[in-house]
Amino acid sequence: EPDVTIVSGLKDMVVSEGDDVTFRCQVSQENARDVEWKLQDVALQNNEMNEISVEKGKIHTLTLRKVTEQDIGTITFRVGAHTSRA
């Protein structure tokens with residue numbers, strides 16, 4: 001099975017407190033496994049504040065809802081051995 005790589009990485013975002021922000025990362029293969037999102041080295045789960053989804057099989061998205069100052073920091077997307085940060 002070919003290695004899944006990151007085709008299009010994360011972009012830095014600036015948002016106002018209380019707004020939603022969405023990060024997107026495109027990978028080379030559909031249905032990639034071993035995918036992880038982190039904020040400041042803390043793994044994120046899909047819940048009411050963090051929406052994690054996959055569009056068109058290859059575009060992985062993370063939406064942080066109603067961001068606060070505590071959400072400031074580095075977002076990391078990892079697939080296998082490849083990472084992208086914003």
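Bear in mind these aren't lab numbers, they're just calculated from the coordinates by the rules spelled out. Please read all numbers here as calculations on a predicted model, not as lab measurements. Cβ: placed from backbone, ideal geometry, glycine included. Neighbour counts: every protein chain shown.
For the range 28-42, name all the residues that are under 19 Å from Arg85 (Cβ atoms) and not in a strand (DSSP E or B).
Residues of the range 28-42 under 19 Å from Arg85 (Cβ atoms): 28, 32, 34-42.
The answer is Ser28, Ala32, Asp34, Gln40, Asp41.
Restricting to the range 1-27, and then to whatever is without any contact (Cβ under 8 Å) to a residue 60 or more places away in the chain and assigned to a strand (DSSP E or B), can you tell me which residue is surrounded by the most Cβ atoms within 10 Å (Cβ to Cβ)? Lay out the reasoning, then the answer.
As a first pass, look at the range 1-27 and keep what is without any contact (Cβ under 8 Å) to a residue 60 or more places away in the chain: 1-2, 7-8, 14-22, 24-27.
With the extra rule that they be assigned to a strand (DSSP E or B), the set shrinks to 7-8, 21-22, 24-27.
Details: Val7: 12, Ser8: 12, Val21: 17, Thr22: 13, Arg24: 15, Cys25: 26, Gln26: 15, Val27: 23.
Result: Cys25.
Which of the residues that make up the range 47-58 are surrounded by 12 or more Cβ atoms within 10 Å (Cβ to Cβ) and out of contact with any Ser or Thr (no Cβ under 8 Å at 6 or more places or on another chain)? Show your work before the answer.
Within the range 47-58, the subset surrounded by 12 or more Cβ atoms within 10 Å (Cβ to Cβ) is 49-52, 54, 58.
Listed by number, the list holds a single entry, Met49.
Scan the strands (runs of 3 or more DSSP E) fully inside the range 43-86 and keep the ones with 2 or more residues being under 18 Å from Asp19 (Cβ atoms) and in contact (Cβ under 8 Å) with a residue 12 or more places away in the chain. Before you say what the answer is, go through the steps one by one.
Details: elements: 50-55, 59-64, 75-79, 82-85.
Ranges flagged: 50-55, 59-64.
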